[in-house]
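Worksheet: the structure to be examined is printed underneath.
The values are calculated or read from the model by the stated rules, or taken from the named source; none is laboratory data. Fair warning: this is a prediction, and the values are worked out from it, not measured in the lab. Counting neighbours? That spans all protein chains shown, and the Cβs are built from the backbone with ideal geometry, glycine included.
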Amino acid sequence: MGSLMRRRSVIALAAGCVCFLGFSWARTDARGQGKVVEISIDGDQYSFAPTRIEVQKDDLVKVTFHARDIAHSFTVDAYRIAKRAAAGQSVVFEFRADQTGTFPFYCNLTQDDRCKQMKGEIVVK
């Protein structure tokens, strides 16, 4: 009889752990799911268009970056993003907007001093 009670206790404990883990996972999963936001950004004539991007926390941001005239980069230090596109080319990448705040983006290329003028910001609300 003792063995049967022990077995039932172990089963009950295991079932409780599974329920708890399932509940915790569901809460984390729901909180971490934003919508998919597709953004197109042009680098041309030493400027970005648009210069301001607004998304919500936990959105999955899909960026298509086009370098229209010469090679440009799209760099966001806070998100460890540094993407380069050759002249006339595009690069597509995604990131999860998991930090709130305003984050500058810029061109990190040094082929021309005017590249340093290329600035914008991502606002995550």
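When residues in the range 55-80 are screened for being within 15 Å of Phe105 (Cα to Cα), exposed (fewer than 15 other Cβ atoms within 10 Å of the Cβ) and in contact (Cβ under 8 Å) with a residue 60 or more places away in the chain, 0 of them pass. Can you name the condition, by its number, that Val63 falls short on among (1) in a helix (DSSP H, G or I); (2) modelled with pLDDT of 95 or more? Going through (1) in a helix (DSSP H, G or I); (2) modelled with pLDDT of 95 or more one by one, Val63 breaks only (1). Once the range 66-91 is narrowed to residues that are touching a Lys or Arg at 6+ places or on another chain (Cβ under 7 Å) and assigned to a strand (DSSP E or B), the residue that is nearest to Lys125 (Cα to Cα) is Phe74. Step by step: first the residues of the range 82-118, then only those that are under 18 Å from the mean Cα position of the chain (by Cα) and among the acidic types (Asp, Glu), then the one that is surrounded by the most Cβ atoms within 10 Å (Cβ to Cβ). Which residue is that? Top of the filtered list is Asp98.
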